[in-house]
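The values are calculated or read from the model by the stated rules, or taken from the named source; none is laboratory data. Bear in mind the structure is a predicted one, so any value in this text is a computation, not a measurement. No Cβ is skipped: glycine too gets one built from the backbone with ideal geometry, and neighbour counts run over all protein chains shown. Ligands, DNA and RNA are stripped out before the accessible areas are found, and what is left, the full protein with its side chains, is counted by its heavy atoms. Shrake-Rupley method; radii C 1.70, N 1.55, O 1.52, S 1.80 Å.
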Amino acid sequence: MIRAAVSRPAVVWAAAVTLLLAGLVSFTRLPLATRTSVELPRLTIASTWTGASAELVEMYVSSPIEAAIQSVRGVRKTRSESSEDGARITVELEPNADVQLARLSILERIELLRPDFPPGVTSPRVSNYVPQELSEEDLLTLTISGPYTAGTLQKIADEQVEPRLSAVPGVGSIGVQGGTEAGVSVTYDPALFRQLGISPQALGDAIAGARVVRALGTEQRGANERPVVMRDQPGAVEELANLPIVGRGGKPFTLGALASVRPEEDTRGFFFRINGQPAIAISVSRLAGADAIKTAGAVRDALGELERRLPTAVKLNVVYDDSVELARQLRDLLVRGAVAFGLVLVVLLALLRDWRGTALVMLSASVSVAGTALLLYLLDIPANLLTLAGLAMGIGILVQDGLIVMDRLGTVADTPADRARAARAIAPAVTGATLTTAVVLFPFLYLQGNARAAFVPFAAAFTIALGWSLVASVVMLPALARGHRVHEASFPRSRRRYARLVIGAIRWRWATLALTVASLGVLGWGFVQKVPRFSFSGFGEQRTTLSAFINFPRGSDPASLDAAMRELETQVVGRPGVEQVTAQSYGGFGAGMRVLFRRDAEYTAIPQELEEALTQRAVFIGGASVSVRGQGPGFSSGMGSVSSATFRIKVLGYSFSGVERLATDLKERLERIPRVRDVDINSSSFFSAGRAYAVTIEPDRGALERYGVTAADFSRAVAREVRGPVGRQLLEIGGDEIPVTVKARGARDRSLDELRDAIVPNPAGAPVTIASLARVDEREALSAISREDQQYVRIVAYEFRGPNKLAQRTHDAFMKSIAVPPGYSVADAGFGFFEPDESEQGLWLVFAIGVTLVLLAVAIVFDSVWAAAMTFLSLPIALGGVIAAFWLAGAAFTREAAVGVILVVGLAVHQAILLIDAALQRRRQGAAHRQLHRLTPLRAVRAAVDRAGMIVLVTLASLASLVPLAIGEKVDTLFGAIALATAGGTLAGTLAAMVILPALAVRRAPRA
C-alpha cells in the first residue's frame, strides 16, 4: 500500500483534498450540543394524585407499579418516593440492558394497571434518567405577557404556543409553568338548601345534564333518510345560571337563584415567578442528537411567526437561550484550536527548519481531524464541547506520527523507492507508538454510569483521530514528501550540555534513583494530604446555582408560603452577578427558588455571599423548614456547599409497621444519649419536610345505615365541604372543556371543627353532621414514604451536640450496638443528598487496564520484556508530574483530572519508546561482544543524545496544543483540569525519558 501510494502522488493529493473538503462540510453539519446525549441504564416513572397523602400514594400507585415492573427483563433494582400529591420511582437496569426496550415493557405493564388506579391519578410518565451533573439546561426559556388574565394567557400557551413549538424540528419537549386553570365555581349555602329541602347533589345532576348531544333516530323524507340529533349545551358561563332545578313539591328554581355561579382562575395553590415577577414560562428542550444552535434558531423563527397571529399586545419574551452561550463557547474553542494549530506550526518550523516538511506534517494532522469529522457525521454521533476540545488538544499528539515519519525520511535519499522503504521500516514503530495511546482509550468502553455517558464519545473521537493520523503519516507523507529538505536539526551546545547531564546521572546512578524514589514518596504524601479530591463533579461545564427550599406544615396558609419566598427573593433579585431567579411553589406548603449566576461571576465571592445572606434571612422565617445549598464550580465542589450536623440511619424492612417499630426503638435509645437532640423518625428523605399532618375520616357503618346515607353519598358530601378537585365535572362551554366545581360556602377555609359540624344531606332531612356519621381526627404522618426493592425505608435523623470527632465515635459505637430482627437491616445513611455514583471507580479500572495494554503493546512491538519493563518504570514519574502540577496549582483532583491521567499513560510512553528504541539498537550493535544483552554507559549516552531532539520536539508539539486551551481557564474546569494533568504528566515523562531512564537502563559489564 505504501509503495502504491508513493508511485501515485497525484491520486494521494486528490484523496487528501477530497477528505479535507468532506470533513469541512461534515463539521458544519454536525449536530452540536453542550454535552453528550445521555442514555443511562436507568428510568424514572412519575405520577401525580392531587390531594392524596403519601400513604395513599404508596398504597394505590407506587406499590402496584413496583410489583408490576419487577418482572420486566433487565430491571435490577427499584426505588420509590411516595409523597403528598405524587410518586416518583427510579428503576435501575442491568448495565447491558436495552433501555428503550425496557421502557416499552414498563409502559405496557403500567397500561394494564391504569384501570385499577383511583380517580384523579394521572397516567404515569416513563422517561430516561439523567443525573443532574449530566443534564443540560433548557435550550430556551420564554415568558408570555399581555393585558389579559392569567387564565387567558395560560390558554394561549396551551392551545397555540406549545403545539407550534412542539412541531419545530429538533425540539424534544415543551414544559409550561405558572399560570392558572380556568374553571367555573358553583358555591351554595347549605342552610338555604336545608330550608328548601333541596339536596346539593341536585346541583351536580343539573350541571351534568347541561350538555346533551344524543342521536334520537332518523327521519324519512322521500328516498332520503336523515339522522335526528338533539344538541343542547351552554354557549357561555352565564347560561349555567339558567339551568332548572326542581325543589320540594316540584317547585322550580334556577341554578343562579340557589347558588353563586362565577368563572374563576384556580392557581391550585401554585405560584411561579421569574426575577420576582409572576410569569407563565415555557421551557424548550432539544431532542437528543439535535443541533442546539440550529434548533434554537428555528424556535426563534417560530416565535416570530406566532407573535403575528397572537392577540394584540401579547408578547413572547425569550429570557434564556443556551444556544447563545454555546455559540460563544464554540467560537472560543475554534479560536483556541486555531492558536494551538499555529503554535504547533511554529514549533515545527523552528525545529524542522523546512517549510515543506512542516506543511506536510500539519497536513497529516488536518486530514486526521477532517476524517474524524466525516466519520462522526456518517455514524450520526453528535459533537459536544468535550469531543471538540479533545480534538483541539490532540493536534499536538496527532502530529507526532508525522514527525517521526518525516524524521526518518530525512535520513534517506529523496527517491520514491527510498521513501517507501523508509516508511515501511518505521511503520511498525509508528504503529506501536500510536497503539500505546489508542489502547488507553479502549477501556473507556467498559465504563458504566455517568462516566461512560460523559467520556465515551470523547474517547471514540480521539481514537478515530489517531487511526486517521497513522494512515496519513505512513501512507500520505512518503507519497507527497518529494522535494523536502528535512534534516536532523543540530544544536551542538545544547547536545553537549545534555550529554554531560546524562553522564552525571549515570555516574551517580544510585543517587539519581534515590532522589527519584524520594521525590515520588513526597509527591505521594502530598497527593494524600494536600491535594483535595472530589468524586462528585459535573462532566463538562456545570453552571453555578444557589437553591433554597421552604416547607410549611400541611394546612398552612398559602399566603404565608408566598410571603416567605418573596422575602428570600428580595435578597437575590437584581443583585450583581445574578442572571436569573426562578421561584416556584409545589402546593400550599412547599416552594423552591433557584438562582442562576452569570458565568463571569461564578468564581467570584458573589455566590458564597448570597448563600450566607439567604441562610441568615431564613432564620427569621418562623414555622417553616428552610434549607439553602449551593451547587456547581462556584462552590467548593460540584456537589455544592451543604453543612449539616445531622446523622442519619436507614432502616429497611418489608413491613411498614415493623420498620416503624424498629425506628421508634432506635429513637428511644438515642434519646438516652445526653448530647443527642432532635431525634426524628419521620425523616423519610433528605429534602422532604419530614412531618406532615393528615385528617382521617373513619365512617361508622351503623350510623350511615340509621340515617340512610350511602358511602358514596357521604364521600360526595365531604368533598363539597373541603378544598380540592374531588367532585369536579368537565363541561363543554362555548366549544371549550371547562371544569365546574360545586362547593359549600366556606369550603376553602374550613377548620377541623367546622368540618365535623358540617351537615350531611340525608333522606329524612335531619340535621346530621359529619361527626355523627364518622370519626374525624388528625394525626402525624410521613410527608414521603421511601422504598427500595419493595422494602420500606425509614430514616432516623438526629443531631449530636459536641465536637465532630466525639460525634463520629459515638455514632459508630451506636451503629455497632444495633441488633435487628431477621428480615430487617440498619445501615448508615450518611450525609449525602444524592445517590452515590460509583462510576468514578471505573476510571481507576480503566487506568489499570490502560497500563496493562500499553505494556503489552510495547512488548509486542519491540519483542522485548526489557523494553516493557523500562516503559513501566517511566509511568510513576509521569504520574508524579501530574500530582506536582495539581499540588502547585492548588487544584482539586476531579474525574476530569483522572481522564488527563489516563491520557498521560499513553502520551508519556511516547518519549520512553523513542529512547528505548534507540537503546535496543545500541544493545544489538554489540552482538559480537560480551555485552550482548547489556547497555553500557557509553551506549546509553549515545542513545539518549541521538533521540533527545525528537523527544523535545514531540514534547513541545504536545504542550503547544495544550497551552491555548488552558490559558484563561480555571484549573477546576473541564478543559483546565485535563490540560493541567496532561501537561504535568508530559513534562515529567520527558524528564523521565531524557534523564532518569538512561540511568535505569544502564547495566555495567562485569569486571574481568
Exercise. Between residues in region 938-964 that are assigned by the TED database to the domain that holds Ser494 and among the charged types (D, E, K, R) and residues that are modelled with pLDDT under 80 and outside any helix (DSSP H, G or I), which pairs lie under 9 Å by C-beta distance while being six or more apart or on different chains?
Worked result: Arg939/Gly926; Arg939/Gln931; Arg939/Val1002
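To keep it simple, each residue is scored yes or no on (1) open to solvent by less than 40 Å² (accessible area, probe 1.4 Å); (2) assigned to a helix (DSSP H, G or I).
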{"position": "Pro263", "(1), (2)": "no, no"}
{"position": "Ala281", "(1), (2)": "yes, no"}
{"position": "Leu303", "(1), (2)": "yes, yes"}
{"position": "Ser323", "(1), (2)": "yes, yes"}
{"position": "Gln329", "(1), (2)": "yes, yes"}
For this session: Name the single residue, out of those in region 468-492 being out of contact with any Asp or Glu (no Cβ under 8 Å at 6 or more places or on another chain), modelled with pLDDT of 80 or more and not small (Gly, Ala, Ser), that is surrounded by the fewest Cβ atoms within 10 Å (Cβ to Cβ).
Result: Val471
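A quick yes/no check of all residues on (1) in contact (Cβ under 8 Å) with a residue 60 or more places away in the chain; (2) over 30 Å from Pro200 (Cβ atoms):
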position	(1), (2)
Phe253	no, no
Ala296	yes, yes
Leu303	yes, yes
Arg308	no, yes
Ala313	yes, yes
Leu316	yes, yes
Val319	yes, yes
Val324	no, yes
Gln329	yes, yes
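Quick one: which helices (runs of 4 or more DSSP H) lie wholly within region 633-749 and hold at least 2 residues that are modelled with pLDDT under 85 and not assigned by the TED database to the domain that holds Leu240? First the steps, then the outcome.
Working: elements: 656-671, 701-707, 711-721.
Fully inside region 633-749 and qualifying: 656-671, 711-721.
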Problem set entry | Verdict on Arg419 being among the charged types (D, E, K, R), farther than 30 Å from Ala897 by Cα, modelled with pLDDT of 80 or more and not assigned by the TED database to the domain that holds Thr955 | yes
For this session: Please enumerate the residues belonging to region 738-766 that are under 49 Å from the mean Cα position of the chain (by Cα) and hydrophobic (A, V, I, L, M, F, W, C).
Result: Ile738, Val740, Val742, Ala744, Ala747, Leu752, Leu755
Exercise. Inside region 82-109, can you point out the residues that are in contact with a helix residue (DSSP H, G or I) (Cβ under 8 Å, 6 or more places away or on another chain) and under 23 Å from Trp49 (Cβ atoms)?
Worked result: Ser82, Ser83, Glu84, Asp85, Gly86, Ala87, Ile89, Val91, Ile106, Arg109
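Scan Ala983, Ala988, Ala992, Ala977 and give me the residue that is in contact with a Pro (Cβ under 9 Å, 6 or more places away or on another chain) and either at pLDDT 70 or above or part of a helix (DSSP H, G or I) (or both). Can you show your working first?
On the way: Ala983 fails: in contact with a Pro (Cβ under 9 Å, 6 or more places away or on another chain); Ala988 fails: in contact with a Pro (Cβ under 9 Å, 6 or more places away or on another chain); Ala977 fails: in contact with a Pro (Cβ under 9 Å, 6 or more places away or on another chain).
From the options Ala983, Ala988, Ala992, Ala977, the qualifying one is Ala992.
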For this session: Please enumerate the residues belonging to region 175-189 that are crowded, with 18+ Cβ neighbours inside 10 Å and more than 22 Å from Glu239 (Cα to Cα).
Result: Gly178, Gly179, Thr180
Problem set entry | Evaluation of Leu907 against (1) modelled with pLDDT of 70 or more; (2) crowded, with 21+ Cβ neighbours inside 10 Å (one fails), failing number | (1)
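Taking region 587-620 only, how many residues are of a type in the set (Lys, Arg) and part of a loop (DSSP other than H, G, I, E, B)? First the steps, then the outcome.
We begin by selecting, within region 587-620, every residue of a type in the set (Lys, Arg); these are 594, 598-599, 617.
Still in the list and also part of a loop (DSSP other than H, G, I, E, B): 598.
Total meeting the criteria: 1.
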Seminar exercise, completed: Per the filter on region 532-560, residues closer than 26 Å to Asp600 by Cα, open to solvent by less than 40 Å² (accessible area, probe 1.4 Å) and at pLDDT below 80 are Ser537, Gly538, Phe539, Gly540, Gln542, Arg543
Exercise. Here are some conditions: (1) touching a helix residue (DSSP H, G or I) at 6+ places or on another chain (Cβ under 7 Å); (2) free of Cβ contacts under 8 Å to residues at least 60 places away in the same chain; (3) within 23 Å of Gly746 (Cα to Cα). Asp205 meets all but one. Which one does it not meet?
Worked result: (1)
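Being touching a strand residue (DSSP E or B) at 6+ places or on another chain (Cβ under 9 Å), outside the structural domain of Ala365 (by the TED database) and at pLDDT below 80 narrows it down to one residue among Leu330, Leu316; which is it? Full working, then the answer.
On the way: Leu316 fails: at pLDDT below 80.
After applying the criteria, what remains is Leu330.
Quick grid of which residues meet (1) part of a helix (DSSP H, G or I); (2) assigned by the TED database to the domain that holds Arg750; (3) over 30 Å from Pro767 (Cα atoms):
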{"residue": "Ile156", "(1), (2), (3)": "yes, no, yes"}
{"residue": "Val161", "(1), (2), (3)": "yes, no, yes"}
{"residue": "Val168", "(1), (2), (3)": "no, no, yes"}
{"residue": "Gln195", "(1), (2), (3)": "yes, no, no"}
{"residue": "Ile198", "(1), (2), (3)": "no, no, no"}
Exercise. Just for region 565-578: of the residues that are more than 20 Å from Ile280 (Cβ to Cβ) and either surrounded by fewer than 21 Cβ atoms within 10 Å (Cβ to Cβ) or charged (D, E, K, R) (or both), which one is nearest to the chain's Cα centre (by Cα)?
Worked result: Val578
Exercise. Does region 817-837 include one or more residues that are modelled with pLDDT under 80 and touching a helix residue (DSSP H, G or I) at 6+ places or on another chain (Cβ under 6 Å)?
Worked result: yes
Seminar exercise, completed: Filtering region 218-234 down to residues that are open to solvent by less than 90 Å² (accessible area, probe 1.4 Å) and more than 25 Å from Leu731 (Cα to Cα) yields Glu219, Gly222
For this session: Scan region 243-283 residue by residue and report those that are within 30 Å of Gln160 (Cβ to Cβ), modelled with pLDDT of 85 or more and touching a Gly at 6+ places or on another chain (Cβ under 8 Å).
Result: Ile282, Ser283
Exercise. Of (1) in a loop (DSSP other than H, G, I, E, B); (2) at pLDDT 85 or above; (3) within 26 Å of Gln329 (Cβ to Cβ), Val573 satisfies all except one. Which?
Worked result: (3)
